[in-house]
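Let me begin by presenting the structure, written as structure tokens, before commenting on it.
The values are calculated or read from the model by the stated rules, or taken from the named source; none is laboratory data. Source: prediction; values computed, not measured. Ideal geometry is used to build each Cβ from the backbone, glycine not excepted, and the neighbour counts take in all protein chains shown. Heads up: the accessible areas ignore ligands, DNA and RNA and are worked out on the full protein's heavy atoms, side chains in. Shrake-Rupley method; radii C 1.70, N 1.55, O 1.52, S 1.80 Å.
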Amino acid sequence: MVHSTMMDHPLTVTQLLRHGARVHGEREVVTWLGDSARRVTFADTYERVERLAKALETLGIGHGDVVGTFCWNHQEHLEAYFAVPCMGAVLHTLNIRLFPDQLDFVIRDGGDKAIIVDDSLIGLLAQAPDALAEVEHVIVVGDGDASALDREVLRYDDLIEAQSPGYEWPELDESAAAMMCYTSGTTGNPKGVVYSHRSQWTHTFGAAAGGLDVGDGDRTLVIVPQFHANAWGLIYVCWAFGSDILQPAMFLQPEPLTAFIAAERPTFSAAVPTVWNGVLALGAQTEIDLSSLQTVVVGGAAVPRAMIEAFHDRYGIEIVQGWGMTETSPLGAMSTPPADVIDWDEQVDWRAKTGRIVPGVEMRIIDAETGTEQPWDGKAIGEIEVRGPWITAGYHGVEDPEKFHDGWLRTGDVGVIDPRGFMQIVDRVKDVIKSGGEWISTVDLENTIISHPDVTEAAVIGVPDEKWDERPLAVVVVREGAELTPHGLSEFLRDKVAKWWVPERWSFIDEVPKTSVGKYDKKVLRARHEAGELDIDRADG
Ligand code: ADP
């Protein structure tokens, strides 16, 4: 029997923290203030991280205690990303767009002992007074009015100033809890996923290898919120590999966001399709400068082919699609085309796939009826299951055996995988439409409708139908100033999708409702349809 001679060195966030501070100390964190930027080098940020850890310790935060953040992406939020886990506590990133009752639930369920909140978000946090009453310390970033909270608060700046740099980071077990994030809870209460140091460490390397491949020389604009699945891992990847980190704070609308891009010239960025849709719409009206951007990662929801083409054709930017879930830390797949695909038109076909499985994640397809594993032939369809070192094995405080299957996580996504390991999500299990026994992919149908130049948003839901059991209803947002008819749209689809996919029912609305993380909220659409609130036009064959 031969034993490994390797060190059994714990994989911790602390190691990433030290590495970035020492090796990339001159890189900077840039926070946008609306018309100017605040800059702090990694080396100075590290000292502030030490001070924050000391300050939290003084407040009685110890090993395993939970510290919430209710913040935009900015300097202080980044500091909490390191100080809290590295001192042995657990960072709970609270989604600022949750409904008050969900917010109340996650603060209690997480057991937050302290919460760091932006002064601009105090009004929102104040909507969960009962949960807040159980939180020992509220720490406000900024000097804005905090009276809406009706309690004593501490100021972040005061805490940092009261401390000196220098902190003895504890030796941590790599399996210790580091961070906690709740699923967006489209059904029932949100569920907590608790990441370990090891899962964050391994995810950082897997993400960097799998397509979030930024490094020294990059400037990464982190649009995806830090409260949404760890900003897709970008904070740790940038820190460890030495990319400048550009933080947009609250300036996420197309105008201020593009002003930030023009001024600070990021090379790389990441966000959900809704954000990029807004940027494209602005670019169609007025000149915007995106010339610094080389690669943009779009994920969290299916990326329309039309978006990939528009970014390339108008701005020379390459879109890479990413797939993941809160449960998967989140990165599971990225649509970086194989190296032998050189021609751009052919590349688009690959970029429009959901993504190639990243190293570290294992994936399989399970047939819904037989429960058997399906081949990777690009045709066999089933529910996608995953496992790996950064995939959750359960939820915080609740049993949910339905979500797991022999040690694999059931993603709730239905898709295919091709022989080169590219997966393509066809639908979510709960959104699938079965019309006369045949599947219609709402994802494909939406993307095809969106490729119409006068359509800005399209969501498809299944509605009951006497003849076919279920038929698609397409809910469409038309570009301002354009006019579209159901008949015209049906004609547009004719040669692009199977005949029986073409919807007879169309509804034109001003905006598709979105979830707290900016995805189409089909639950709300279904409810509106059931309540008879959607005007439906029919296309006559
Ligand atoms: P969060 O976005 O907060 O992680 P969820 O865990 O509910 O919220 O979202 C994960 C789901 O988002 C996936 O299971 C999948 O349905 C969808 N999703 C993510 N990325 C993509 C993508 N590139 N294409 C299609 N669907 C995606």
request  = Would you be able to say whether some residue in segment 328-341 is in contact with a His (Cβ under 7 Å, 6 or more places away or on another chain), within 16 Å of the ligand (Cβ to nearest atom) and more than 19 Å from Ile425 (Cβ to Cβ)?
outcome  = no
note = Over segment 336-374, the set of residues under 30 Å from Ala310 (Cα atoms) and surrounded by fewer than 16 Cβ atoms within 10 Å (Cβ to Cβ) is Pro338, Ala339, Asp340, Val341, Ile342, Asp343, Trp344, Asp345, Glu346, Asp349, Pro359
task = Could you grab me the full set of residues in segment 309-327 that are over 30 Å from His396 (Cα atoms) and within 12 Å of the ligand (Cβ to nearest atom)?
result = Ile319, Val320
ask   = Quick check: anything in segment 448-465 open to solvent by 80 Å² or more (accessible area, probe 1.4 Å), assigned to a loop (DSSP other than H, G, I, E, B) and without any contact (Cβ under 8 Å) to a residue 12 or more places away in the chain?
value = no
task = Quick one: count up the residues across segment 120-173 that are among the aromatic types (Phe, Trp, Tyr) and touching a strand residue (DSSP E or B) at 6+ places or on another chain (Cβ under 8 Å).
result = 1
task = Kindly indicate whether any position in segment 352-362 is touching a residue at least 40 places away in the same chain (Cβ under 8 Å), within 16 Å of the ligand (Cβ to nearest atom) and over 21 Å from Val272 (Cα atoms).
result = yes
ask   = Within the bounds of segment 168-179, is there any residue that is assigned by TED's automatic domain parsing to the domain that holds Asp65, within 16 Å of the chain's Cα centre (by Cα) and either modelled with pLDDT under 95 or not in a loop (DSSP other than H, G, I, E, B) (or both)?
value = yes
task = Have a look at Asp377, Asp400 and point out the one that is modelled with pLDDT under 95 and open to solvent by less than 70 Å² (accessible area, probe 1.4 Å).
result = Asp400
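Conditions (1) of a type in the set (Phe, Trp, Tyr); (2) assigned to a loop (DSSP other than H, G, I, E, B); (3) within 16 Å of the ligand (Cβ to nearest atom), marked per residue:
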| position | (1), (2), (3) |
| --- | --- |
| Gln163 | no, yes, no |
| Cys181 | no, no, yes |
| Asn189 | no, yes, yes |
| Val193 | no, no, yes |
| Ser199 | no, no, yes |
| Thr202 | no, no, no |
Residues of segment 510-537 that turn out to be out of contact with any helix residue (DSSP H, G or I) (no Cβ under 6 Å at 6 or more places or on another chain), part of a loop (DSSP other than H, G, I, E, B) and within 21 Å of Val272 (Cα to Cα), as a count = 8
ask   = Could you say whether any residue in segment 229-247 is touching a helix residue (DSSP H, G or I) at 6+ places or on another chain (Cβ under 9 Å), more than 26 Å from Val117 (Cα to Cα) and modelled with pLDDT under 95?
value = no
query = Tally time: how many residues in segment 195-207 are touching a residue at least 24 places away in the same chain (Cβ under 8 Å) and surrounded by 21 or more Cβ atoms within 10 Å (Cβ to Cβ)?
reply = 9
message = Checking the conditions here, which among Thr326, Thr392, Thr372 is more than 27 Å from Thr204 (Cα to Cα) and modelled with pLDDT of 95 or more?
response = Thr372
remark   = Every listed condition ((1) under 17 Å from the mean Cα position of the chain (by Cα); (2) open to solvent by less than 40 Å² (accessible area, probe 1.4 Å); (3) closer than 19 Å to Arg479 by Cβ) holds for Thr274 save (2)
key: Residue count for segment 215-251, restricted to those that are assigned to a loop (DSSP other than H, G, I, E, B), more than 16 Å from the ligand (Cβ to nearest atom), open to solvent by 10 Å² or more (accessible area, probe 1.4 Å) and of a type outside the set (Phe, Trp, Tyr)   = 5
task = Determine, yes or no, whether Leu132 is touching a Leu at 6+ places or on another chain (Cβ under 8 Å), outside any loop (DSSP other than H, G, I, E, B), under 23 Å from Phe82 (Cα atoms) and among the aliphatic types (A, V, I, L, M).
result = no
Qualifying position, being more than 16 Å from the ligand (Cβ to nearest atom), in contact with a Pro (Cβ under 7 Å, 6 or more places away or on another chain) and more than 16 Å from Gly462 (Cα to Cα), among Ala498, Ala539 = Ala539
key: Residues being open to solvent by less than 40 Å² (accessible area, probe 1.4 Å), outside any helix (DSSP H, G or I) and charged (D, E, K, R) - total across segment 413-447   = 3
